[in-house]
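Here's the structure, in structure tokens; my notes come after.
The values are calculated or read from the model by the stated rules, or taken from the named source; none is laboratory data. None of the values given here were measured: they were computed from a predicted structure. For neighbour counting, all protein chains shown are included, and Cβ atoms are generated from backbone atoms with ideal geometry for every residue, glycine included.
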Amino acid sequence: MKKIVLALLLSTASVSAMAEAPGGPNCGWGNMLFKGQSGIGPHFAATTTNGTSGNATFGMTSGTNGCSVDGKLTYGGKAMIGAVMDELIEDVARGNGEALNAVAVAYGVESGDRADFAQLLHSNFATIFPSEQVTADAVDAAINTLMKSDSKFAKYAV
């Protein structure tokens, strides 16, 4: 059950992140059909249109449909961190767990580096969680600072 809830949180967080989309922010027929609209409905409809028709994939490979693969993909994992904060605190304290692994995935940490990532966070628990009132933004900033200062994880930092 815990894995299902975590998967739902990750998928919700990834949809709501609104970072640069694969292929760029103007990629696909869905973006063309819902141009100028905002909110969850049009974004969801555009994404569904692009995903079900495969036109965004075609556009990325052919350089058409407003698509480009030149930009750097990003992810603002703060929404996900806030959603799993209690579990993340416990997992970082232990040095392993599903929420900690989910955060590693959200930051793009490759599977071979995840055990070391968990150890980095575990070793710096007090830096990441300095008080009970710490916010998801502060946790995200602390994790990014740690990653930037570590030669192995600097490539994953935003």
Among the residues of the range 100-129, the number that are within 19 Å of ALA83 (Cα to Cα), at pLDDT 95 or above and not in a helix (DSSP H, G or I) is 1
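Could you pull out the residue among ALA45, ALA13, ALA7, ALA79 that is at pLDDT 75 or above, hydrophobic (A, V, I, L, M, F, W, C) and in a helix (DSSP H, G or I)?
Result: ALA45 is the single residue among ALA45, ALA13, ALA7, ALA79 that is at pLDDT 75 or above, hydrophobic (A, V, I, L, M, F, W, C) and in a helix (DSSP H, G or I).
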Residues satisfying the stated conditions in the range 41-56, i.e. in contact (Cβ under 8 Å) with a residue 12 or more places away in the chain and more than 21 Å from the chain's Cα centre (by Cα) | THR49, SER53, ASN55
Is it fair to say LYS152 is assigned to a loop (DSSP other than H, G, I, E, B) and not assigned by TED's automatic domain parsing to the domain that holds CYS27?
-> yes
Specify the residue that is modelled with the lowest pLDDT; the eligible residues are those in the range 130-149 that are among the hydrophobic types (A, V, I, L, M, F, W, C) and touching a helix residue (DSSP H, G or I) at 6+ places or on another chain (Cβ under 7 Å).
-> ALA136
